[in-house]
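Comments concern the structure below.
The values are calculated or read from the model by the stated rules, or taken from the named source; none is laboratory data. These numbers were taken from a predicted model, which means no experiment stands behind them. Neighbour counts are summed over all protein chains in view; Cβ atoms, including those assigned to glycine, are modelled from backbone coordinates with ideal geometry.
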Amino acid sequence: MAFKKRNKVSAEFSMASLTDIIFLLLIFFMLTSTLVRIQPFDLPVSDSKTVAATSFVVTLEKSGRYTINNKEVSPNALEKALRLEARTSDNRENATITIVAEVGTPFENVVRVMKIANRLKVNAIIATQPKT
């Protein structure tokens, strides 16, 4: 009586496909992450460690200059431009305005942007730098 030899099952795991998947995930997150460019000036200091996603950035300078995503906007057209940004945002339900105010900017300007965000039903956060 002839017995058939059974093929042994290999217990090896191929890592080649895993590294490909990790590389593709890395590329995906690099392309889809929001890159925020903040102007080179002093920000208010805070000990808050909160990190939040941002939809668009409003920059306020002490000279009275407003920019939205590095595009200059006149103070009179600020609400209209923010409304347009909020409407065209990818994540309308959780849209967040990051307010980047230079140290010395009149607080009324920051409050104005926060009131506009409230009217648009958009979250607003203020960018700060950590205490040293």
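Key figures for this structure:
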| item | result |
| --- | --- |
| Number of positions in the range 71-118 that are of a type in the set (S, T, N, Q), closer than 13 Å to Val58 by Cα and surrounded by fewer than 16 Cβ atoms within 10 Å (Cβ to Cβ) | 1 |
| Residue, farthest from Val113 (Cα to Cα), within the range 35-50, restricted to residues that are assigned to a loop (DSSP other than H, G, I, E, B) and modelled with pLDDT of 70 or more | Asp47 |
| Some residue of the range 43-50 being under 30 Å from Thr32 (Cβ atoms), surrounded by fewer than 17 Cβ atoms within 10 Å (Cβ to Cβ) and in contact with a strand residue (DSSP E or B) (Cβ under 6 Å, 6 or more places away or on another chain) | yes |
| Of all residues making up the range 100-128, the number that are touching a Pro at 6+ places or on another chain (Cβ under 9 Å) and among the aliphatic types (A, V, I, L, M) | 4 |
